[in-house]
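Scroll down for the structure; my scribbles are underneath it.
What follows is calculated from the coordinates using simple rules that are stated; it is not laboratory data. As the structure is a computational prediction, the values presented were derived from the model and not from experiment. Note that each Cβ is placed from the backbone with ideal geometry, even for glycine, and that neighbours are counted across all protein chains shown.
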Amino acid sequence: MIANQTQNYISPEDYLAGEELSPIKHEYIDGQMYAMAGASDAHVTIAGNLFALLRNHVRGTGCRVYMADMKAQIDTANIYYYPDVIVTCDARDRALTNHKKYPCLIVEVLSPTTEAFDRGDKFADYQQLETLQEYVLISQKRQRLDCFRRNTEGFWVLQFYFPGSEIHLTSIDFRTSIDALYEDVTFGDNEG
């Protein structure tokens, strides 16, 4: 709980209740709500391709993959984000219907307006999730995927994937070509 709450402070409970009714998605950071903008064709296509590939991969394993509309809750920071793709294999998440607290994999498709935040403060916030094993950032300007992987010592190690690469997400032992991830994506003016 915050000792000096301002008049504009919104409780997590009020945020969750309001978000159920809101036509606009909002991320929540320690008492403040931030409206989310729409996404470009490339952004949606990349996230959709990855979701489809991951959904087929985790089918029957007990893991679940969600896209765009599922919140990730970071209790220790009083935060709710909407990752582009989130995977959880933790049974505790099955009881949570509108957010997940124990993901093993979180993916963000980078946008010009959010890239710095996704690489900086948002990544720092996500690192507080003890179950998170991989944080993936995907470019929509060119074929490039950055995978931050937590090693056995708890440090985050970066691995890049470029054109021609086979992507390996160790958190769920998933492999695919980078070409499959970028299927039907047209590079150019990808704003959003």
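See the values below:
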{"read-out": "Segment 37-70, residues that are basic (K, R) and in contact with a strand residue (DSSP E or B) (Cβ under 9 Å, 6 or more places away or on another chain)", "value": "R55, R64"}
{"read-out": "Of the criteria (1) farther than 20 Å from L53 by Cα; (2) touching a Phe, Trp or Tyr at 6+ places or on another chain (Cβ under 6 Å); (3) surrounded by 13 or more Cβ atoms within 10 Å (Cβ to Cβ), which one K122 fails", "value": "(2)"}
{"read-out": "Those residues of segment 91-109 which are assigned to a loop (DSSP other than H, G, I, E, B) and surrounded by fewer than 16 Cβ atoms within 10 Å (Cβ to Cβ), in sequence order", "value": "L96, T97, N98"}
{"read-out": "Segment 22-43, residues that are of a type outside the set (G, A, S), part of a loop (DSSP other than H, G, I, E, B) and either within 20 Å of Y126 (Cβ to Cβ) or in contact (Cβ under 8 Å) with a residue 60 or more places away in the chain (or both)", "value": "K25, D30, M36"}
{"read-out": "Pairs where the first residue, in segment 54-73, is in contact (Cβ under 8 Å) with a residue 24 or more places away in the chain and crowded, with 22+ Cβ neighbours inside 10 Å and the second is of a type outside the set (V, I, T) and assigned to a helix (DSSP H, G or I), C-beta under 8 Å, 6+ apart", "value": "K71/E19; A72/Y126"}
{"read-out": "Enumeration of residues in segment 141-161 that are out of contact with any strand residue (DSSP E or B) (no Cβ under 6 Å at 6 or more places or on another chain) and either hydroxyl-bearing (S, T, Y) or under 17 Å from A42 (Cβ atoms) (or both)", "value": "K141, R142, Q143, R144, T152"}
{"read-out": "Residue satisfying all of: in segment 44-53; farther than 10 Å from V185 by Cα and without any contact (Cβ under 8 Å) to a residue 24 or more places away in the chain; nearest to the chain's Cα centre (by Cα) among these", "value": "G48"}
{"read-out": "Residue in segment 74-93 that is of a type in the set (V, I, T), more than 25 Å from I167 (Cα to Cα), touching a Leu at 6+ places or on another chain (Cβ under 8 Å) and without any contact (Cβ under 8 Å) to a residue 60 or more places away in the chain present", "value": "yes"}
{"read-out": "1 or more residues within 21 Å of C63 (Cα to Cα) and in contact with a His (Cβ under 8 Å, 6 or more places away or on another chain): qualifying strands (runs of 3 or more DSSP E) within segment 110-192", "value": "174-177"}
